[in-house]
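The structure appears below as C-alpha cells.
The values are calculated or read from the model by the stated rules, or taken from the named source; none is laboratory data. This structure is a prediction, so every number in the text was calculated from the model and none was measured. Cβ sites come from the backbone with ideal geometry, for glycine too, and all protein chains shown count toward neighbours.
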Amino acid sequence: MRITVEEACYRLKRGEPVALPTETVYGLAAPLSHEGAIATIFALKKRPSDNPLIIHVEGWDDAVTYCKAPLSESASRLTDAFWPGPLTLVLPIQESLVPALVRGGLATAAFRMPSHPLTLAVIREVGPLVMPSANLSGRPSSTTPSHVEEDFGASFPVVDGGECLAGVESTVVACQGARWEILRLGALDSAKLSTILDYAPVYCEVMTAPICPGRHHRHYAPRARLLMEVPPPPGGTVVGFRDRRYPEGCKLFSMGDSGDPDAVAARLYSILRALDTAGVETAWVDMNFPRRGLWLTIAERLERAAAQN
Ligand code: TXA
Ligand code: MG
C-alpha cells in the first residue's frame, strides 16, 4: 500500500514500521527512540536478534551525539566526502544511548546518512531511524515498492520513491586499529574510499561474529537453485548479460550489459526475484566478469545467493 511522507511520519511516531526508499535498497524503518517498533521490525523480517541494525541519521553531527570519544579523525573526512550516500560507519558508542537490540549487544553501532530526499524528510521530522533492508531475512533485498509488497503483503505501508539507483546495499566499514576495513562490500567501492584515505581499505573476508554479525546469516537468496561452476545446458535458464551468447534455446534473465557494473548492480535483486516469479527451479549464473570495483560486490551477492540453496 503506497503512503505519503506525512502518513509515514504519523505511523512511525505511533511506533508502526513503514518501508522507505533509499538510494541503495528499500528499508524497513522504525524510530531509534521506539524500542517496541524496533522489536516489531525483527519480528516482521524474521531477523536473528544478533544481527544489528544501521542507524540512519541526517548528518555527521547527529551521529556523533551517540558516539564515544575519541573518534578516528578520518571518520568525519569519510562522511564529508560520502554522506549522504551508500557508506555505513561502525563507530564506538555510548551504550546507554543506543538500545542493545539495535547494536546486537555490541559496544559499537552502524551509522549512515541516506540520500533519498523523501527519506531524509522523514528523518528530519521523526528523528534517527533504524532501517534494515525491507525484505524477509535471507531473501534478496527490495529495490522497488512491489518487492516490499511481495515480502510483507499488499497492505504493508511503503513510501514510493521509485526504483533504487544503486540497487545493492551500502558499504559497511569499521576502523580496526589505525585502519578502516570493509565489513560488508557494497555500492561504494574501495578505490573510491582510497581517494579520501591514503590507502584502499581491504575486505576482511574471514571476519565473523561478533565483529561482523550479519556475515554468518543466510542472505540474498531466491528460491531457485543457482549454479555457477558449470556452463548452462541448451535450453537452460541463464542469469547473464544481454551482450553475450549462450547455448541454443537458453532463456536469458538479463542483468544488463557486461560492461556496465552500475546498471548490473541496479538490476541484480530484481532479476533474482524475477526467477521466483517465473517459477524457475534452476538457473545458471554467468560469473565471467572482473573481480574489482563494484563487480566484487556483485560477485559476493551472487555467490552468497547460490551458496544458500
Ligand atoms: O544500504 C543499506 O545499508 C540498507 C539501507 C536500507 O540503508 N540497509 C541495510 O541494512 O542493508 P541491513 O540491516 O540489511 O544490514 C546491516 C549490516 C549488516 O551486515 C550488519 O551486520 C551490519 O550492517 N552492522 C550493523 N551494525 C553493526 C555493528 N555494530 N558492527 C558490525 N556490523 C554491523
Ligand atoms: Mg539486509
- Looking only at segment 104-112, decide whether some residue is crowded, with 20+ Cβ neighbours inside 10 Å and assigned to a loop (DSSP other than H, G, I, E, B). yes
When (1) within 30 Å of E6 (Cβ to Cβ); (2) away from ligand 2 (no atom under 16 Å from the Cβ); (3) at pLDDT below 95 are applied to M113, the one that fails is (3)
Y269 vs (1) assigned to a helix (DSSP H, G or I); (2) more than 24 Å from P145 (Cα to Cα): all pass except (2)
When segment 38-78 is checked residue by residue, the ones that are surrounded by 14 or more Cβ atoms within 10 Å (Cβ to Cβ), more than 14 Å from M113 (Cα to Cα) and of a type in the set (A, V, I, L, M) are I38, A39, I41, L44, L71
For segment 109-131, does any single residue satisfy the condition of being in contact (Cβ under 8 Å) with a residue 60 or more places away in the chain and farther than 20 Å from L12 by Cα? yes
The correct count of residues that are out of contact with any strand residue (DSSP E or B) (no Cβ under 8 Å at 6 or more places or on another chain) and assigned to a helix (DSSP H, G or I) in segment 113-135 is 5
Exercise for the section: Might you let me know whether segment 71-91 holds any residue that is within 12 Å of ligand 1 (Cβ to nearest atom) and modelled with pLDDT under 95? Expected result: no
Checked segment 76-88 for anything under 14 Å from L197 (Cα atoms) and touching a Phe, Trp or Tyr at 6+ places or on another chain (Cβ under 8 Å); matches are S76, L78, T79, D80
Apart from one, (1) within 21 Å of the chain's Cα centre (by Cα); (2) more than 25 Å from D198 (Cβ to Cβ); (3) not aromatic (F, W, Y) all hold for V5; the odd one out is (1)
The lone condition V280 fails out of (1) within 12 Å of R225 (Cα to Cα); (2) in a loop (DSSP other than H, G, I, E, B); (3) touching a Gly at 6+ places or on another chain (Cβ under 6 Å) is (3)
Those strands (runs of 3 or more DSSP E) completely within segment 1-102 that have 3 or more residues that are away from ligand 2 (no atom under 16 Å from the Cβ) are 87-92
**Request:** State yes or no: is L165 in a loop (DSSP other than H, G, I, E, B), touching an Asp or Glu at 6+ places or on another chain (Cβ under 6 Å) and of a type in the set (A, V, I, L, M)?
**Result:** yes
Residues of segment 118-143 being surrounded by fewer than 21 Cβ atoms within 10 Å (Cβ to Cβ) and in contact with a Gly (Cβ under 8 Å, 6 or more places away or on another chain), in sequence order, are L118
For G138, the lone unmet condition from (1) modelled with pLDDT of 95 or more; (2) out of contact with any Leu (no Cβ under 8 Å at 6 or more places or on another chain); (3) within 14 Å of ligand 1 (Cβ to nearest atom); (4) in a loop (DSSP other than H, G, I, E, B) is (1)
